[in-house]
Amino acid sequence: MASKSALKQARVSSRRQQRNKSVRSEVKTSITKAEKLIFEGDLEAAGAAVKTAVSSLDKAAEKKILHANNTARRKARLLKKLNKASAQPRSAPAPEKAEKPEKAEKPKKAA
């Protein structure tokens, strides 16, 4: 049988896990939304979403739910994606290619 302190620690750990799970989920969701907007090319909305994601990451790091280095790495990667997308010029619709002249049909051999 486990000691009283071990049982108490298991209860505390379970409570912390439940509390931290929602914060981690919020962080993942905000990062996913930001990345989706970046790849769609909606840079104004993506900027706002990135700001929200960075804020949620900072809150998680402040509460020691995520390690500070983990948070810094995730923020750097997210901002790098946003900066790369904003640096690329907007792609104008590509001009349509000139149609190739159709090949003359070869006469069929008589059987």
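Computed from the coordinates by the stated procedures, all read-outs in this text should not be read as laboratory data. As the structure is a prediction and not an experimental result, all values here were calculated from the model. Cβ coordinates were reconstructed from backbone atoms using ideal geometry, including for glycine residues, and neighbour counts include every protein chain displayed.
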At R0 = 30 Å, FRET efficiency that the Cβ-Cβ distance of T32 and K103 yields, to 0.05: 0.05
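Label the stretch 18-87 by shape, choosing from rounded, prolate and oblate, from the square roots a ≥ b ≥ c of the eigenvalues of the Cα gyration tensor; if a/c is under 1.5 it is rounded, and otherwise prolate applies when a/b is larger than b/c, oblate when it is not. Write down the numbers at each step before the final one.
Values: a/c = 2.84, a/b = 1.82, b/c = 1.55.
Here the stretch 18-87 falls in the prolate category.
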Distance between modelled label sites at A45 and K80, nm, 7 Å Cα→Cβ extension: 2.6 nm
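Does the stretch 47-90 come out rounded, prolate or oblate, given a ≥ b ≥ c as the square roots of the eigenvalues of its C-alpha gyration tensor, rounded meaning a/c under 1.5 and, failing that, prolate meaning a/b above b/c? It would help to have the intermediate numbers written out before the result.
Working: a/c = 5.99, a/b = 2.25, b/c = 2.66.
Judged from the Cα gyration tensor, the stretch 47-90 comes out oblate (a/c at least 1.5, b/c at or above a/b).
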With Cα atoms, 0 to 90° folded angle of helix 68-87 axis to the chain main axis: 20 degrees
Of L57, I31, A68, farthest towards positive along the dipole that unit charges on Lys, Arg, Asp, Glu beta carbons give the chain: A68
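Just how large is the dipole of the stretch 54-93 about the Cα centre, in debye to the nearest 20, putting +1 at every Lys and Arg Cβ and -1 at every Asp and Glu Cβ?
The calculation lands at about 120 debye.
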On Cα atoms only, tilt of 4-40 relative to the major axis of the chain in degrees: 20 degrees
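Exposed loop sites here are trypsin sites (Lys or Arg not before Pro) in DSSP loop states with at most 10 other C-beta atoms within 10 Å. What is the longest stretch of the chain lacking them?
Values: sites that count: K64, R90, K97, K103, K108, K109.
Looking at the chain, 1-63 is the longest stretch - no exposed trypsin sites (Lys or Arg not before Pro) with at most 10 other Cβ atoms within 10 Å.
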Charge dipole (debye, nearest 20) of the chain; +1 at Cβ of Lys and Arg, -1 at Cβ of Asp and Glu: 900 debye
Extended-chain gain in nm, criterion 0.36 nm per residue less alpha-carbon gap, M1 and S25: 5.2 nm
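Could you give the length gained by full extension between A87 and A10, i.e. 0.36 nm per residue of separation minus their alpha carbon distance, to one decimal place? It would help to have the intermediate numbers written out before the result.
Details: separation 77, 0.36 × 77 = 27.72 nm, distance 4.98 nm.
Difference between extended and current length: 22.7 nm.
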